[in-house]
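Take a look at the structure set out below.
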Amino acid sequence: MSGNEQKYINEAFETNWVVPLGPNVNAFEEELKESLQGETQANPIEVVALSSGTAAIHIALTMLGVGPGDEVICQSFTFAASANPIAYLGAVPVFVDSEAETWNMDPTLLEEAINDRYLVTGHYPKAIIPVYLYGMPPKMDEILAIAKKYNIPVVEDSTEAQGTFYKGKAAGTLGHFGSMSFNGNKMITTSGGGALICKNVEEKQQAIYYATQARQPKPYYEHTVIGYNYRLSNVSAGIGRGQMTILKDHVAHHRMVHKLYMEGLNPIEGLRVQNAPNADFDSSYWLSTLLIDQEKFGCEPLDLMEALSLEGIESRPLWNPMHNQPVFKNAPSYTNGVSDGLFKIGLCLPSGPMVSEEDVLRIIEVIRNFKK
């Protein structure tokens, strides 16, 4: 925490703004907008503060008219929150596997899936959801070109990527909509919250309409469509405002942690820390991730995870792809083995702002000694 959060929380209580609107909400949205646009202000966007990143994806799909029976293409290598909003709307997720460089949606497989779904259903999917996995940008130029070719809107799941840029543009600002998450484990937190990134004031107002139970502007309660209770509270937004004062510090810290892992682990035979393909992919490295070659390193990831745990160090497997999840067993999927392979050999390492340089060096030493 920055130490500034309590000031904004106190202001919310002192002024009796403890509801899902208020000065902190408005100011937080403007601060997020400024951080995403950059100094040039050349990327026109608006931001809507919501209760979660999942809510942001849900609202985006709702605004795109996704409904029962529609299909939405979603990256398979991700957390369930990328896909669940598709099911909320009665639509069908179509899962697309990853390419090996960024671990994100494979553009070649994406186009194959689009054409195949047209042959099967007679319709193109209603949206495409690429993910910025662990902070790493997808190959957005290729994905956007394919989306434009078939006139399919892109909803960026950039919930793991605050502080990430692709060719100088902030994650979440390249597609039609973008999403952010301020869950407790993200780059900054509001204790629980998120945001929708849209293109103009009209879309912002429509998003707020859906996020506040779709109440009609009348002196009595009237609703013509289904709405949701998704706005962020003024108290939580106060926490976010305090966190925004140290956003750059947090991003710099995550990148420093990643650099230390790269320097300490990549020289060890059988280990490789995931890194950006080139300078176009300016990842925040929300999580630093490690691939383990069992034959060369001499153990499986779960063995190393157990060894780390015995030293009081938490690690986790990479995401289990959505096409393997029982809840989505009947969903169409287009796979190439990349995400299945990564899931079997990968671990997420401690990366947050409370992980000190000394902690990272100790983690590296534990892994190095385990190799012996």
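The values are calculated or read from the model by the stated rules, or taken from the named source; none is laboratory data. What you see is a predicted model; the values in this text were computed from it and never measured. With ideal geometry, Cβ positions are generated from the backbone for all residues, glycine too; neighbour counts draw on all protein chains shown.
Taking only region 44-85 into account, find how many residues are out of contact with any strand residue (DSSP E or B) (no Cβ under 6 Å at 6 or more places or on another chain) and polar (S, T, N, Q).
Here the count works out to 4.
Across region 279-302, what is the number of residues that are within 15 Å of Arg368 (Cβ to Cβ), touching a strand residue (DSSP E or B) at 6+ places or on another chain (Cβ under 9 Å) and either without any contact (Cβ under 8 Å) to a residue 40 or more places away in the chain or not in a helix (DSSP H, G or I) (or both)?
Within region 279-302, residues that are within 15 Å of Arg368 (Cβ to Cβ), touching a strand residue (DSSP E or B) at 6+ places or on another chain (Cβ under 9 Å) and either without any contact (Cβ under 8 Å) to a residue 40 or more places away in the chain or not in a helix (DSSP H, G or I) (or both) number 4.
Taking region 118-169 on its own, how many of its residues are more than 23 Å from Val66 (Cα to Cα), surrounded by fewer than 16 Cβ atoms within 10 Å (Cβ to Cβ) and charged (D, E, K, R)?
Qualifying residue count, region 118-169: 2.
Which residue pairs have Cβ atoms under 8 Å apart, sit 6 or more places apart or on different chains, and have a first residue in region 14-25 that is in the same structural domain as Ser51 (by TED's automatic domain parsing) and a second that is assigned to a strand (DSSP E or B) and surrounded by 19 or more Cβ atoms within 10 Å (Cβ to Cβ)?
Pro20/Arg231; Leu21/Arg231; Val25/Ala49; Val25/Arg231
Among the helices (runs of 4 or more DSSP H) lying completely within region 157-276, list those that include at least 2 residues that are modelled with pLDDT under 95 and in contact with a helix residue (DSSP H, G or I) (Cβ under 6 Å, 6 or more places away or on another chain).
By residue number, 234-244.
Which is β-branched (Val, Ile, Thr) and touching a Pro at 6+ places or on another chain (Cβ under 6 Å), of Ile114, Ile86, Ile59?
Within the list Ile114, Ile86, Ile59, the selection yields Ile86.
List pairs: first residue in region 318-346 and of a type in the set (Val, Ile, Thr), second residue modelled with pLDDT of 95 or more and part of a helix (DSSP H, G or I) anywhere in the structure, Cβ distance under 7 angstrom, at least six positions apart or on different chains.
Thr335/His323
Consider Glu202 against the criteria (1) within 21 Å of Gly175 (Cβ to Cβ); (2) of a type outside the set (Val, Ile, Thr); (3) under 20 Å from the mean Cα position of the chain (by Cα): it satisfies all of them except one. Which criterion is unmet?
In the conditions (1) within 21 Å of Gly175 (Cβ to Cβ); (2) of a type outside the set (Val, Ile, Thr); (3) under 20 Å from the mean Cα position of the chain (by Cα), Glu202 misses (3) alone.
Quick one: which residue in Ser35, Ser82 is at negative phi, polar (S, T, N, Q) and surrounded by fewer than 19 Cβ atoms within 10 Å (Cβ to Cβ)?
Residue meeting the stated conditions: Ser35.
Looking at (1) buried (at least 19 other Cβ atoms within 10 Å of the Cβ); (2) at negative phi, which is the one condition that is false for Gly172?
In the conditions (1) buried (at least 19 other Cβ atoms within 10 Å of the Cβ); (2) at negative phi, Gly172 misses (2) alone.
Please name all residue pairs, on different chains or six or more residues apart, with Cβ atoms under 9 Å, provided the first residue is in region 98-125 and is without any contact (Cβ under 8 Å) to a residue 12 or more places away in the chain and in the same structural domain as Met140 (by TED's automatic domain parsing) and the second residue is of a type in the set (Phe, Trp, Tyr) and part of a helix (DSSP H, G or I).
Asn115/Tyr150; Tyr118/Tyr150
Table: residues versus (1) touching a Lys or Arg at 6+ places or on another chain (Cβ under 9 Å); (2) in a helix (DSSP H, G or I); (3) in the same structural domain as Ala87 (by TED's automatic domain parsing).
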| residue | (1), (2), (3) |
| --- | --- |
| Leu308 | no, yes, no |
| Ile313 | yes, no, no |
| Asn336 | no, no, no |
| Ser339 | no, yes, no |
| Lys344 | no, yes, no |
| Cys348 | yes, no, no |
| Met354 | no, no, no |
| Val366 | no, yes, no |
